[in-house]
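**Student:** Here it is, the structure, as structure tokens.
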Amino acid sequence: MTSTTVAADRVVDLPRHEVFALFGTTGSAGWLFGARCDRVAEGATVSMRLPVGDGPDAESLELLGRFSRVVPGTLLVVEHTQPWQGRLCIRFRADGVARTRVTVRATIPDPGVQWLLHRVGIPLPDPPDDGSIRIGAITTMSGPGAIYSVSAQAMAELAVDEVNSDGGVAGTRLTLLTADDATDAAQAAFEARRMVALGCRAVFVNSTSASFEAVRDAVESSGVLLVHSVINEGGGDSATTLRLGERPRAQLEALVGPTMRASGGARRWYLVGQDYVWSRGAHRDARRVIDAAGGDVAGERLTPLGTTDFGTIIESVQASGADLVLSSLVGADEVAFERAAERAGLRDTTRTVSLVLDDATFSHIGGRAAEGLRTALGYFQGGPVGGNAELVARYHAAHGAWAPPITALSETVYEAIHQYARVLHLDPHGSAADHVTAWRTRRGAGRGDVVGNRDLLAPPLYTAEATRSSLLVDGAS
């Protein structure tokens, strides 16, 4: 694969070691692309905002990755997967007695160049027709939802590679077409229509419920199998549509009562979410489950997807007298809220349940700000699901030691592609409706809670609590 290298530098009026020490702190935002990290160490997560274009109205995009090399005072190397897979090398050199020259060199492979061209409106080239069976995966490679989707495309690619290594589907290879919805429902619908036009038999939407609803409206009448492969509020199934993953009602039933009891009789909840169908559905379920557990709701705030400033919401929580918080925020919004809540001292007076606290979101919140958060999901990278250790080993063999963590939201699309391939193998000429019926019939017919054979329509849940270093699984439904 060929690549393009882009370099830029800047002189900062501080000594080299002081400049290096500022990396990732609030004070660095103005001169090093708003870098944010909990610590500067090999393996630690980092995000940076890179400018796209020139001028005061230029866009910026968030790059998500991990440090693969750290030479204190001299060099940082970041391996990133969002919004494309690449590498950043950041060098710090003395420039006189008390100044530092910071040089940033970015390696952009061909898929990254295509992503950038597509971002500015240049159509992607159509892949040649090689006789393979095409499926599509719409993931979130940019925008506020990118954090929870960091390994989704890689896991979809791994599943397709494994299917093909096993002989394909009825002797025919699978081809995976991927697209970034940029956490934007209209973009998701556009990409889905393109996938249908290119002959995809199935489209897997590994994105928000807003994107899924837009895709459903755009392509449901096309006869293509449509799969929503991440945690969602339920509803919207049809003869050609399946919604997989965790449901908030089951999560809340596993979390609300035990959290109240563990908090010494705390019962007043404050609900924080986003103003779209996911949080609205989750909060309806929350009110029922909280009431059944003997609690009450002291307040609720819904905020637009992409919110970065949660100051007024945190003040409202503190003023409400709530001693428990339910967050249905996702991605970058959840990161921003939990970090702000810790800074404001909200952890000292409340306990928080987070419905979408997956391994990737946890790593970007950072151990100190995440410590004590509770969640319930169907998969954790360090969890006890049968076959998980082998899956993690295959994933890193395919995508490298610095690949982002497998999460509940990316593991589901991996299993879903494998399960769809089995259904398709048995009935390669069947319709999408035939395949939905067969998939539902086969649910639970495997080996229980084992990777590749789980009931994705109602996956078993594991509860976990965040420590400073990991999400520690402490129970199962």
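Quick note: the coordinates plus some simple rules give every number you see, no bench work behind them. Keep in mind it's a predicted model, so treat the numbers as computed, not measured. Note that each Cβ is placed from the backbone with ideal geometry, even for glycine, and that neighbours are counted across all protein chains shown.
**Student:** Regarding the stretch 166-173, can at least one residue be identified that is within 12 Å of residue 137 (Cα to Cα) and touching a residue at least 60 places away in the same chain (Cβ under 8 Å)? Write out each step before concluding.
**Tutor:** The initial filter retains those residues of the stretch 166-173 that are within 12 Å of residue 137 (Cα to Cα), namely none.
No, the stretch 166-173 contains no residue that is within 12 Å of residue 137 (Cα to Cα) and touching a residue at least 60 places away in the same chain (Cβ under 8 Å).
**Student:** Given 367, 265, which one is among the small types (Gly, Ala, Ser), under 24 Å from residue 37 (Cα atoms) and surrounded by fewer than 20 Cβ atoms within 10 Å (Cβ to Cβ)? I'd like the intermediate steps shown before the answer.
**Tutor:** Working: 265 fails: under 24 Å from residue 37 (Cα atoms).
Of 367, 265, the one residue that is among the small types (Gly, Ala, Ser), under 24 Å from residue 37 (Cα atoms) and surrounded by fewer than 20 Cβ atoms within 10 Å (Cβ to Cβ) is 367.
**Student:** Could you tell me how many of the residues in the stretch 331-383 are of a type in the set (Lys, Arg) and over 22 Å from residue 43 (Cβ atoms)?
**Tutor:** Pass one, the stretch 331-383, residues of a type in the set (Lys, Arg): 339, 343, 347, 351, 368, 374.
Those left that are additionally over 22 Å from residue 43 (Cβ atoms): 343, 347, 351, 374.
The number of residues fulfilling the criteria is 4.
**Student:** Within the stretch 273-314, work out how many residues are over 19 Å from residue 357 (Cα atoms), touching a residue at least 40 places away in the same chain (Cβ under 8 Å) and in a strand (DSSP E or B).
**Tutor:** Number of matching residues: 0.
**Student:** Output the number of residues of the stretch 196-243 satisfying the condition of being among the β-branched types (Val, Ile, Thr) and out of contact with any strand residue (DSSP E or B) (no Cβ under 8 Å at 6 or more places or on another chain). Give the steps one after another, and end with the answer.
**Tutor:** Of all residues in the stretch 196-243, those among the β-branched types (Val, Ile, Thr) come to 196, 203, 205, 208, 215, 219, 224, 227, 230-231, 240-241.
In the following step, the residues that additionally are out of contact with any strand residue (DSSP E or B) (no Cβ under 8 Å at 6 or more places or on another chain) were identified as 208.
Counting residues in the stretch 196-243 that are among the β-branched types (Val, Ile, Thr) and out of contact with any strand residue (DSSP E or B) (no Cβ under 8 Å at 6 or more places or on another chain) gives 1.
**Student:** Could you give me the residue pairs with C-beta distances under 7 Å whose first residue belongs to the stretch 245-265 and is touching a residue at least 24 places away in the same chain (Cβ under 8 Å) and of a type in the set (S, T, N, Q), whose second residue is crowded, with 19+ Cβ neighbours inside 10 Å and assigned to a loop (DSSP other than H, G, I, E, B) wherever it lies, and which are 6+ apart or on separate chains?
**Tutor:** Matching pairs, first to second residue: 251/355; 251/461; 263/323.
**Student:** Take the stretch 143-169 and flag every residue that is surrounded by 24 or more Cβ atoms within 10 Å (Cβ to Cβ) and of a type in the set (Ser, Thr, Tyr).
**Tutor:** Once the filter is applied, which keeps residues that are surrounded by 24 or more Cβ atoms within 10 Å (Cβ to Cβ) and of a type in the set (Ser, Thr, Tyr), the stretch 143-169 yields 148, 149, 151.
**Student:** So in the stretch 422-477, with the set limited to residues that are among the polar types (S, T, N, Q) and surrounded by 13 or more Cβ atoms within 10 Å (Cβ to Cβ), which one is nearest to residue 222 (Cα to Cα)?
**Tutor:** Within the stretch 422-477, the first condition is being among the polar types (S, T, N, Q), and the residues that meet it are 431, 437, 441, 453, 463, 467, 469-470, 477.
Filter again for surrounded by 13 or more Cβ atoms within 10 Å (Cβ to Cβ), leaving 431, 437, 453, 463, 467, 470, 477.
On the way: 431: 11, 437: 17, 453: 29, 463: 39, 467: 46, 470: 43, 477: 38 Å.
If we take residues in the stretch 422-477 being among the polar types (S, T, N, Q) and surrounded by 13 or more Cβ atoms within 10 Å (Cβ to Cβ), then 431 is nearest to residue 222 (Cα to Cα).
**Student:** Let me ask you something else. In the set 256, 219, which member is β-branched (Val, Ile, Thr), out of contact with any Leu (no Cβ under 6 Å at 6 or more places or on another chain) and over 23 Å from residue 333 (Cβ atoms)? Quick ask: steps written out before the conclusion?
**Tutor:** On the way: 256 fails: over 23 Å from residue 333 (Cβ atoms).
Going through 256, 219 in turn, the sole match is 219.
Each row is one residue, and each column tells you yes or no for (1) in contact with a Pro (Cβ under 9 Å, 6 or more places away or on another chain); (2) not β-branched (Val, Ile, Thr).
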residue	(1), (2)
120	no, no
147	no, no
158	no, yes
183	yes, no
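**Student:** Is it fair to say residue 358 is out of contact with any Gly (no Cβ under 8 Å at 6 or more places or on another chain), among the acidic types (Asp, Glu) and surrounded by 21 or more Cβ atoms within 10 Å (Cβ to Cβ)? Show your work before the answer.
**Tutor:** Working: out of contact with any Gly (no Cβ under 8 Å at 6 or more places or on another chain): yes; among the acidic types (Asp, Glu): yes; surrounded by 21 or more Cβ atoms within 10 Å (Cβ to Cβ): yes.
Yes: the conditions hold for residue 358.
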